[in-house]
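Structure first, commentary second.
We did not get these values from a lab; they are worked out from the coordinates using the rules stated. All values reported here derive from a predicted model rather than from experimental measurement. Cβ placement follows ideal geometry from the backbone for every residue including glycine, while neighbour counts extend to all protein chains displayed.
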Amino acid sequence: MAQQFMGPETLALELRAALLDGVKLGAGVTLDAGDVACAFYGDAFIEPGTRSSDLPPWNEYDVEDGLEAELLEAWFRRAAEIDDGVDPWDEEGTRGLVGYAASRALLSRWVRGRLNGLAQARFFQPVSERMLIGELKQVRRYLDEPPVWQAARASVAAEVGPETRVIVAHSLGSVVAYEALCENPDWPVTDLVTVGSPLGLPVIHRRLSPLPVEGRGAWPGGVVRWTNVADPGDVVALVSELGTRFESGPGRDGVVDRGITNGARMHDFVRYLTALKTGSAVAAGLRGLNA
């Protein structure tokens, strides 16, 4: 999320180096830079032909009822659980979402209380209020707007070639990668490595494509191994263990969940990529061995 002002090569400069380091440190495997491609879909969230220099002046009145409000609530609740600086008993917070849809004014008051609470959370300290609202809107747009999810999944498909074996996906990108793999079971990808993933978060999980059956999501296409890496302090990876949330593929062992600690930057993609457990999972996919 929030990479719409970047581009595939700009992102790859940092992410490719981090992935190469993680694989080398985690498994002693040396890769060439040309072995790694970066799928970019940030431009799916902006008007074609533009590169706005700033975000709209969003505030509590711009958070929509439904998915955006539900996701805001989920982030707030998790932040309150793990961060003593967030008060879960603020005046608006004790009432919950019930009834707010009936009144725009009440919904806006409730949103303002949640935004004020998250402003105190260490996790959200580097994020401005407008950026946070923008992230809520990007998740909602990906899940609800066909042109956006089609463009995002196409960006992944464009980088998958006959020699592609491993997809490493972070944050909303893990939803994009998962759904793209489900759509393309004939891809040669054997390993999916998700990091900082919201795939288990109920507000997202129940909207996945294909839809979950009896609470369990489909196995992602032809993937043989799926490793999920999460920092318990990562608010986005609210449900840090995915093993019980997804079916196992035919002859597969299911999702392997691994916990790590990223320090103060719990959701940072680079820290996830340089983690030894991430590197060893990627290397296992390249070798065709169990992690």
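Remarks
- Around HIS205: net Lys/Arg minus Asp/Glu count, Cβ-Cβ under 14 Å: -1
- Cβ-based exposure ranking for ILE133, ILE260, ILE167, in which fewest neighbours within 10 Å come first: ILE260, ILE133, ILE167
- Sorted by Cβ density within 10 Å, fewest first, the residues VAL270, VAL156, VAL166: VAL270, VAL166, VAL156
- FRET efficiency for ASP65 and GLU214, using Cβ-Cβ distance with R0 set to 45 Å, rounded to 0.05: 0.95
- Potential lengthening of the chain between GLU145 and LEU13 amounts to 44.5 nm, from the contour at 0.36 nm per residue minus the alpha-carbon distance.
- The chain: calculated mean residue ellipticity at 222 nm from DSSP helix runs of at least 4, using -39500 (n - 2.57): -12500 deg cm²/dmol
- Once the Cβ-Cβ distance of GLU183 and ASP84 is raised to the sixth power relative to R0 = 51 Å, the FRET efficiency obtained is 0.75.
- Calculated diffusion of the chain, Stokes-Einstein form, Kirkwood radius summed over Cα pairs, 10 °C and 1.306 mPa s, µm²/s: 81 µm²/s
- A dipole drawn for the chain from +1 and -1 charges on Cβ atoms has a positive end, and of LEU118, LEU11, VAL168 the residue lying farthest that way is VAL168.
- The chain: antiparallel DSSP beta bridges as a percent of all, rounded to 5: 5 percent
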